[in-house]
Amino acid sequence: MKLISLVLTCAAIALLSVACTETTTTTNTPSATRTASPAAPAPSPSVDPLVIARANFGKHCEGCHGPAGEGGPVKVDDKQIKVPSLKADHAIKHTDDELIKIVTSGEEAMPGFKDKLSADEITHLVHYVRTEFQKKP
């Protein structure tokens, strides 16, 4: 009797250990499965055009006009030029359209930026100059 009890206990332990180490497999039972619908793309955060204009000024204009837009003597291609201040009366008296044309096509020693900036970027750049350096709305 003790032998039968010992055999049954060992068999039970063996079955229990096998059952605990097996991985479960799912059967194909019909159940309601929900598939997630594709999520709509999240709207991209809007970027303030003046932030982009500030970056464009730093990249394309600051080298000659300076960080404060004051201009002054600058050496370009081994040639000394006098860059006008963006705060001076002559710059303030230009209309937005005139400044856009100057930035787009260039004037005198200033190169044009039509190949580097879009029309919208140039317009925002002029607005940035007006608000930042000329304190116009």
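Since every read-out is calculated from the coordinates, none of them should be taken as a lab result. Owing to the predicted nature of the structure, the values given are computational and were not obtained by experimental measurement.
What the table shows:
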{"item": "Alpha carbon Rg of the stretch 41-95, scaled by the compact-globule rule 2.2 N^0.38 Å", "result": "1.54"}
{"item": "Amide H within-cut-off set for Val76, under 5 Å, with H built and near neighbours excluded", "result": "Ile81"}
{"item": "Aspartates and glutamates whose Cα lies under 15 Å from that of Lys59, excluding same-chain neighbours fewer than 8 positions away", "result": "Asp115, Glu121"}
{"item": "For the stretch 76-81, 3J(HN,Hα) per residue [Karplus equation, 6.51 cos²θ - 1.76 cosθ + 1.60, θ = phi - 60°, Hz, x = Gly/Pro]", "result": "10, 6, 6, 10, 7, 10"}
{"item": "Largest-first ellipsoid semi-axes for the stretch 87-137, taking √(5λ) over the Cα gyration tensor eigenvalues, angstrom", "result": "18, 13, 8"}
{"item": "Hits among aspartates and glutamates - C-alpha to C-alpha of Lys82 under 12 Å, sequence gap 8 or more where chains match", "result": "Glu70, Glu108"}
{"item": "Too-long pairs where the Cα-Cα distance tops 21 Å, listed order kept, from Lys101/Lys136; Lys79/Lys116; Lys93/Lys135; Lys93/Lys116; Lys114/Lys135", "result": "Lys79/Lys116; Lys93/Lys116; Lys114/Lys135"}
